[in-house]
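The values are calculated or read from the model by the stated rules, or taken from the named source; none is laboratory data. The shown structure was predicted, so the numbers you read here are calculated from the model rather than taken from an experiment. In this analysis, Cβ positions are derived from the backbone assuming ideal geometry, glycine residues included, and neighbour counts consider all displayed protein chains. The protein model used for the area step is the full one, side chains on, heavy atoms only, and it has no ligands, DNA or RNA in it. Shrake-Rupley method; radii C 1.70, N 1.55, O 1.52, S 1.80 Å.
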Amino acid sequence: MIREYIIKHIQDRLNSNKVLVIYDNKQFYSELLPGLAENSKVIDLRESVLYARESTYEFFNSVMPNDKNKSLIIYSPFEAPYDEQEKIEDPFYIFTLGVNYFPKTASDRYQTMCMACFPHKEQEINELFNQSIPDFDTIDALGDGNSYAKLQVLTGGKSEKEILQAIMISSDEQEDKLKQDKTWFNEYKKLVQLLGIKTSAKTYEQVKDELWRIMLFSEFVFDLPIPLPQKFQSIPIVKENSNTLVIELLKNIRNNKFSEQIYVERANNLENQLSLSNEFKNETNLGSIATFAFEDNTYFNHFVSLISQNDLKRAETVIKQNKENIWPQHDEERKKMWLMASYALKISQITSEKSKYPKDTKLIVELYTSKLYEVDLFQRKFEMTLSQIISGTDAIELLSDRIRDTYRNFIGELQKIFLESISQWPIDGIDRNLQVFNKYITPNLKGKKKIAYILVDALRYEIAKDLEQTLSKHFTIEVTASCAYVPTVTKYAMAALLPNAESVLSLDRKDGKLEPFIEGKIATTLQARRSYFKEKLGDRCEIISLDELLNNNKISPDLLVVTTTEIDGAGENLTVSTALAAIQQSINNLVKGLLVLKKLGYEKVIIATDHGFMLYPIFSPGDNIKKPTGDWALQKSRCLAGMGKDSENCVSFNASNIGVNSTVEQFQFLKNFAVFEKNTQFFHEGISLQEAIVPIIEITTSNSSFQAGIEITLTYRGKSENSVTTRRPIIDLMCFQEGNMGFDPISIKIEAKADSIVIGEPVESEEVNSLTKLVEVYPQRAHKIPFALSDNFEGKFQIIASDPVTAKEFATLSLETNYLD
């Protein structure tokens with residue numbers, strides 16, 4: 001039996017990764033190779049290392065990509081590599097992907113496998129190993145006479161653990177056999193008696209309920225580092241010497257796609273029955289195994305405590321350990337909590353790096369655009385995820401307060417240094433928005449290339465960098481920092497993106513207000529800017545909105561100007577939480593627009609913006625500053641222009657100092673991130689890295705192509721067809737790409753459709769890009785993708801995975817709603 005157990009143990013390792021390297025310097029497991037070869041390709045290095053290497057590459061690159069069911073075992077009669085140098089020198093270690101080799105963990109030890117195979121013989125097995133390493137026959141002889149013939153036939157299990165597991169998560173066929181044949185109860189009583197369980201179950205359902213209750217509570221008790229309260233001590237658990245069986249059994253169930261949902265439901269039921277979350281609500285350490293969902297709270301609270309203490313290394317360890325936790329994978333709220341935690345950690349890590357800032361303005365900008373922009377990126381994602389969490393807790397509130405203070409203090413100090421360094425604007429050595437059209441658009445028009453010019457209102461630099469990371473998988477893309485036209489007011493800064501703006505744009509008073517003029521004509525509105533484009537370019541140019549582009553893909557002038565004000569509109573008119581959701585959707589629409597432009601034949605796309613923005617989720621009293629007295633032609637939340645008294649809270653420039661052609665000479669900008677208006681949380685009229693350093697995105701679409709050689713498998717609860725009982729199902733995705741060993745991510749579009757209508761999409765998670773909604777996964781790995789289905793939909797639908805550029809379908813999953821009322 002031990003032979004079969006070890007073979008199955010090794011084969012189970014191939015479920016998630018199709019390649020396994022066995023290191024066996026004593027050739028102890030060599031006799032198992034024929035058994036392993038029944039289900040996998042086995043390459044034995046003892047015959048010839050050179051030949052084995054060639055065979056391995058041939059099978060890995062030519063056979064496996066064409067058959068997703070193929071798996072490969074490499075048998076190496078050498079020690080496993082110990083350090084990094086040995087791993088580099090080992091020509092076969094790369095096929096383990098750094099994770100899939102044997103033996104690796106304590107559960108791979110021969111002695112541990114023997115005890116797991118024969119859990120009731122732990123004492124005798126330990127005695128054998130104390131003398132010498134016993135062979136397979138000796139171990140089988142030790143277990144002889146303790147088999148359960150009827151249960152083995154009905155369940156297909158060989159060992160006690162396999163039999164118990166089959167009863168707890170039986171297939172339909174196994175369940176039918178166990179219900180129809182009652183002769184197995186005596187064997188069951190003997191089996192659980194060895195574990196210390198005195199059963200009173202009379203039916204299969206009672207046996208199943210009893211096993212789940214005892215196994216779950218036993219694991220919880222064995223892992224509990226504190227005394228068990230008196231009120232729970234009467235609840236039956238297995239004998240302490242059977243704890244290995246319990247832990248291995250439940251670990252297998254949690255790691256099995258077919259059974260993990262069953263585990264979640266069973267564990268939640270028992271947790272509620274015993275009111276465990278209430279009984280242990282004040283505990284800070286419940287062990288290392290999250291048997292029940294409420295234990296996840298302990299880990300999260302511990303993480304928050306570490307972040308508050310600035311113990312970032314231990315906080316990072318908690319994040320890494322949590323990836324193996326089943327509960328965030330099956331609870332959308334918990335998944336968002338831990339996603340928020342990961343952003344909090346990144347913000348804390350970046351802001352904790354003590355470095356001396358340069359005094360030169362250009363060097364400060366380069367530092368921000370190369371690294372420090374990530375603070376804004378993760379802050380936006382942190383706030384976005386926080387806004388999606390429905391059930392707030394004290395720990396979440398504590399974490400949000402800590403991260404918001406950390407962010408404000410860091411960005412405030414950076415802004416102070418940046419503003420003190422500025423003597424004039426734009427900054428020498430950095431692109432300027434006034435020159436964007438003539439530098440990026442005009443040369444392409446002269447070359448008679450079709451070009452699209454997308455004008456996005458309020459595209460912050462960090463969003464562009466986030467887009468770059470996603471779009472680089474599909475297009476050639478380059479993001480360049482540029483100095484926005486100041487004051488960063490939309491009607492001025494958008495006019496700066498017009499043809500010849502550097503020489504024709506001026507700011508002058510009209511009816512007491514400061515307005516933009518192009519060649520002496522007022523250019524306050526979008527319609528005025530449209531007219532100027534038409535005047536200069538005629539029929540070669542067409543100006544449409546992004547919505548019009550998405551709904552009309554037949555136009556194709558030489559220059560297509562696309563405008564969108566969704567981001568700025570969201571920030572100006574909505575609360576922070578709703579604005580972030582709207583911003584995300586607008587960027588998603590922008591990506592869709594790029595795909596439409598590619599189909600229309602536009603080889604070059606330039607995305608420019610008038611300004612960025614600052615986002616303060618919590619407005620503090622000190623953020624509001626009183627306006628100085630004066631005759632102001634421009635009065636905005638962050639700046640003034642005209643003539644008036646200088647304020648100690650502002651920095652003042654004349655028009656020439658900021659590169660503005662204007663009859664108005666005095667321009668004042670608030671220092672730090674103060675505003676002239678109360679309760680302002682979204683603003684952009686000042687001079688800061690976030691407001692005035694903006695991206696120019698240059699995209700070449702002609703080099704993009706669909707992602708070749710991709711195989712996708714979609715399942716739900718282990719099946720390719722199924723019913724969903726929740727509007728927030730979790731879809732299992734496995735992918736394979738020829739030539740990609742799992743180091744490079746793949747972007748996939750996944751939607752839920754019914755009769756060609758989208759009725760669901762992925763929700764934000766580690767695998768789902770928050771901007772584009774594309775799923776970013778690694779080949780050779782299993783991924784869980786949380787979905788949100790429309791509240792108004794019921795019926796049959798499909799989950800469709802496709803290439804986001806070409807729309808080529810990779811896989812479909814047929815499902816039907818069966819919601820539990």
Notebook entry, point to check: From the phi of every residue in the stretch 654-659, what ³J(HN,Hα) in whole Hz does the Karplus formula 6.51 cos²θ - 1.76 cosθ + 1.60 yield, where θ is phi - 60° and glycine or proline is x?
Noted result: 8, 4, 5, 5, 10, x
Item checked: Table column - 3J(HN,Hα) (Hz), the stretch 174-181, Karplus curve with 6.51, -1.76, 1.60, x for Gly and Pro -> 5, 5, 4, 5, 5, 6, 7, 9
Item checked: Whether the stretch 497-612 is rounded, prolate or oblate, judged on the alpha carbon gyration tensor where a/c under 1.5 counts as rounded -> oblate
Margin query: Give me the extension gain from Lys521 to Ser503: residue separation times 0.36 nm, minus the current Cα-Cα distance, reported in nm with one decimal.
Written below: 5.1 nm
Next item on the list: Provide the FRET efficiency to the nearest 0.05 for the Asn272-Asp791 pair, computing r from the beta carbons and using R0 = 30 Å.
Entry: 0.75
Next item on the list: Please name which of Ile262, Ile139, Gly157 has its Cα lying farthest along the dipole of the stretch 118-269 towards the positive end, using unit charges on Cβ (Lys, Arg +1; Asp, Glu -1) and the Cα centre as origin.
Entry: Ile262
Item checked: Reported label for calculated semi-axes √(5λ) of the Cα gyration tensor in Å given (i) 60, 30, 25; (ii) 47, 35, 28; (iii) 50, 38, 29 -> (i)
Note to self: Using the alpha carbons of the stretch 1-100, what is the convex hull volume per residue in cubic angstrom, as a whole number?
What the structure shows: 99
Note to self: If you take every residue apart from Tyr29 with its C-beta less than 12 Å away from the C-beta of Tyr29, what net charge results, scoring Lys and Arg +1 and Asp and Glu -1?
What the structure shows: -3
Notebook entry, point to check: For all pairs of alpha-carbon atoms in the stretch 540-586, what percent lies in each bin of width 10 Å, listed from the first bin to the last filled one?
Noted result: 26, 39, 25, 10, 0
Notebook entry, point to check: How would you classify the stretch 379-444 from its alpha-carbon gyration tensor, with a ≥ b ≥ c the square roots of the eigenvalues: rounded for a/c under 1.5, else prolate if a/b is greater than b/c, otherwise oblate?
Noted result: oblate
Next item on the list: Report, by chain and number, residues whose modeled amide H sits under 5 Å from the one on Phe676, excluding near sequence neighbours (fewer than 5 apart, same chain).
Entry: Ile625, Arg638
Notebook entry, point to check: With a sphere of radius 12 Å drawn around the Cβ of Gln469, what net charge do the other residues whose Cβ falls strictly inside it have (Lys, Arg +1; Asp, Glu -1)?
Noted result: -3
Check: Using the beta-carbon distance between Ala807 and Glu677 and R0 = 56 Å, what value does 1/(1 + (r/R0)^6) give for FRET efficiency, to the nearest 0.05?
Finding: 0.75
Notebook entry, point to check: Given the C-alpha centroids of the stretch 453-516 and the stretch 637-664, what is the distance between them in whole angstrom?
Noted result: 20
Next item on the list: Return the calculated 222 nm mean residue ellipticity for the chain, to the nearest 500 deg cm²/dmol, obtained by summing -39500 (n - 2.57) across DSSP H runs with n ≥ 4 and dividing by the residue count.
Entry: -12000 deg cm²/dmol
Notebook entry, point to check: Relative contact order of the stretch 577-698: what whole-number percent is it, with Cα pairs under 8 angstrom and at least 6 residues apart?
Noted result: 33
Margin query: For the chain, take the longest principal axis of its alpha carbons; what is the angle in degrees between that and the long axis of helix 576-599, to the nearest 10 within 0 to 90?
Written below: 90
Check: Using unit Cβ charges (K, R positive; D, E negative) and no other charged atoms, how large, in debye to the nearest 20, is the dipole of the chain about its Cα centre?
Finding: 1620
Next item on the list: Starting from the amide H of Asp431, placed 1.01 Å from N in the peptide plane, find each other amide H under 5 Å away whose residue is 5 or more places distant or on another chain.
Entry: Cys483
Checklist line | Accessible area (Å², 1.4 Å probe, nearest 10) - Trp632 | finding: 20
Next item on the list: Please list, in chain and number order, the residues 5+ apart from Lys671 or on another chain whose amide H is under 5 Å from its amide H, with Hs placed from the backbone.
Entry: Cys650, Val651
Notebook entry, point to check: In terms of solvent-accessible area of protein heavy atoms at a 1.4 angstrom probe, what is the ranking of Tyr101, Tyr368, highest value first?
Noted result: Tyr101, Tyr368
Next item on the list: Note down the nm distance, to one decimal, between modelled labels 7 Å out along Cα→Cβ at Gln349 and at Ser545.
Entry: 4.2
Check: Calculated FRET efficiency, Lys320 and Tyr57, Cβ-Cβ r, R0 51 Å, to nearest 0.05?
Finding: 0.95
Notebook entry, point to check: In nm, to one decimal, how far is the modelled label at Asn25 from the one at Lys150, with both set 7 Å along Cα→Cβ?
Noted result: 5.0
Notebook entry, point to check: What is the list of residues in the stretch 449-491 whose amide nitrogen lies under 13 Å from a point 7 angstrom out from the Cα of Gln585, following Cα to Cβ?
Noted result: none
Check: How would Lys26, Lys8 rank on accessible area, largest to smallest, probe 1.4 Å?
Finding: Lys26, Lys8
Checklist line | Exposed-site-free run, longest, the chain (rule: GluC sites (Glu not before Pro); DSSP loop; at most 16 other C-beta within 10 Å) | finding: 80-282
Next item on the list: Just read off the accessible area of Leu550 with the full protein assembly in place, 1.4 Å probe, to the nearest 10 Å².
Entry: 60
Next item on the list: Have a look at the stretch 322-421 and give its Rg and Dmax from the Cα atoms, expressed in angstrom.
Entry: 15.9, 50
Item checked: Distance between modelled label sites at Glu468 and Thr105, nm, 7 Å Cα→Cβ extension -> 3.9
Next item on the list: May I ask you to evaluate 6.51 cos²θ - 1.76 cosθ + 1.60, the Karplus curve with θ = phi - 60°, for each residue of the stretch 666-683 and list the ³J(HN,Hα) values in order in whole Hz, giving x for glycine and proline?
Entry: 9, 10, 10, 10, 5, 6, 6, 10, 6, 9, 8, 10, 6, 6, 8, 10, 10, 8
Item checked: Cα-based equivalent ellipsoid, the stretch 441-496: semi-axes from gyration tensor eigenvalues, Å -> 22, 19, 9
Margin query: Using protein chains only and a probe of 1.4 angstrom, how many square angstrom of Val479 are accessible, to the nearest 10?
Written below: 20
Item checked: Principal axis box of the stretch 400-486, alpha-carbon based, largest edge first, Å -> 53, 36, 21
Notebook entry, point to check: If you stretched the chain out fully between Leu194 and Glu279, how much longer would it get, using 0.36 nm times the residue separation minus the C-alpha to C-alpha distance?
Noted result: 27.5 nm
Item checked: Alpha-carbon Debye profile of the stretch 407-548, log10 I(q)/I(0) at 0.21 Å⁻¹ -> -1.49
Item checked: Most to least accessible of Asp428, Asp331 (protein chains only, probe 1.4 Å) -> Asp428, Asp331
